Structures are given as structure tokens and as C-alpha cells.
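Student: This is the structure, below, for whatever I ask next.
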Amino acid sequence: MPRTKCSRCGRLLTDALSIRIGVGPECRQRSPSRRSSKASESRLRVADRTIAFSQGEPVTVGHLTFTQQDDGSWTDGQSLYTHEFIEDYLIHYHFILPQVPNAQTLPS
């Protein structure tokens with residue numbers, strides 16, 4: 001069952017991405033707390049990549065940076081990839097989260 005309260009501040013989570021990772025948007029923007037574990041830091045990196053990917057911003061994974069082109073395809077500087085291929089790759093290797101439903105569609 002997904003967390004419905006932020007694991008950092010305890011406030012109620014309302015958007016689907018926050019519910020999925022257990023951390024609200026304000027806490028994601030703050031620097032990691034001293035008590036945060038490696039797992040929660042990893043979840044925040046995944047959330048940041050997911051947001052960047054969904055907005056067409058560059059996504060860095062290890063030494064590769066995928067950049068979206070004007071035609072919607074993505075490149076790592078050497079090869080061109082379709083949006084679907086990059087999305088499937090990033091989801092498969094847990095670099096981004098799968099698309100989550102709108103918060104209004106989640107059960108309360």
C-alpha cells in the first residue's frame with residue numbers, strides 16, 4: 001500500500017508521484033535530511049529523473065545524458081532513439097517511474 005503521508009514532514013500527500021515515492025514536492029526540493037537513508041535518496045533521484053523526463057529535460061544516467069530533440073526523439077550524443085524506447089529502457093532499469101495515474105483517480 002502506498003504511503004499517504006510524507007516520510008519527511010508527515011503532511012498528507014495529494015499528487016500521484018508523491019504518493020508513489022512517499023515524499024512530497026516541497027520536501028523533494030529541499031536538500032536531503034541528515035537522517036535520510038540511501039534508499040530514500042535513491043527514490044528522490046528517481047523522482048527527479050521522472051519529472052525531468054516527463055518535461056522533456058535532459059536525463060542523466062551514469063555517464064550517459066539523454067537529450068530530447070525537436071522531433072521528439074532522444075539522443076545520447078551518438079545515437080537517436082524513439083521516445084517510447086527511452087521511456088521503456090529507463091522504466092525497465094528503474095531509472096524513472098512508470099506513468100502514474102492522476103491523483104484524483106487514486107482511491108482515498
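Student: Charges at C-beta only: +1 for Lys and Arg, -1 for Asp and Glu. How large is the resulting dipole of region 16-105 about its Cα centre, in Debye rounded to 20?
Tutor: Numbers: 9 positive and 10 negative charges, 167 e Å.
So the dipole magnitude of region 16-105 works out to roughly 800 debye.
Student: Using a 7 Å offset from the Cα along the Cα-to-Cβ direction at both SER79 and THR4, what is the distance between the two label points in nm, to one decimal?
Tutor: Here the modelled spin labels are 4.5 nm apart.
Student: Still on this structure, I have one more. Given contacts defined as C-alpha pairs under 8 Å and at least six residues apart, what's the relative contact order of region 16-105, whole-number percent?
Tutor: Relative contact order of region 16-105: 25 percent.
Student: Now a separate question. Compute the length gained on full extension between LEU12 and HIS94: take 0.36 nm times their separation in residues and subtract their Cα-Cα distance, giving the result in nm to one decimal.
Tutor: Net length gain for the segment: 27.0 nm.
Student: Compute the convex hull volume of the Cα atoms of region 16-105, divide it by the residue count, and report the result per residue in Å³ as a whole number.
Tutor: Values: hull volume 10.5 nm³, N = 90.
Each residue corresponds to 116 Å³ of Cα convex hull volume.
Student: How much FRET efficiency would the formula 1/(1 + (r/R0)^6) give for ASP70 and ASP48, where r is the Cβ-Cβ distance and R0 is 22 Å, rounded to 0.05?
Tutor: On the way: r = 24 Å, r/R0 = 1.08.
Plugging the Cβ-Cβ distance into 1/(1 + (r/R0)^6) gives 0.40.
Student: OK, next. List the residues, sorted by chain then number, that are 5 or more residues from LEU13 or on another chain and whose placed amide H is less than 5 Å from its amide H.
Tutor: LYS5, CYS6
Student: Something else about it: Positive end of the dipole of region 16-105, charges at C-beta (+1 Lys, Arg; -1 Asp, Glu), about the Cα centre: which of LEU80, GLN99, THR67 has its Cα farthest in that direction?
Tutor: With unit charges placed on the Cβ atoms, the residue in question is GLN99.
Every read-out reported here was derived from the displayed coordinates using simple, explicitly stated rules and does not represent laboratory data. Everything quoted here is computed from the prediction, not taken from an experiment. We place every Cβ from the backbone using ideal geometry, glycine too, and count neighbours over all the protein chains shown.
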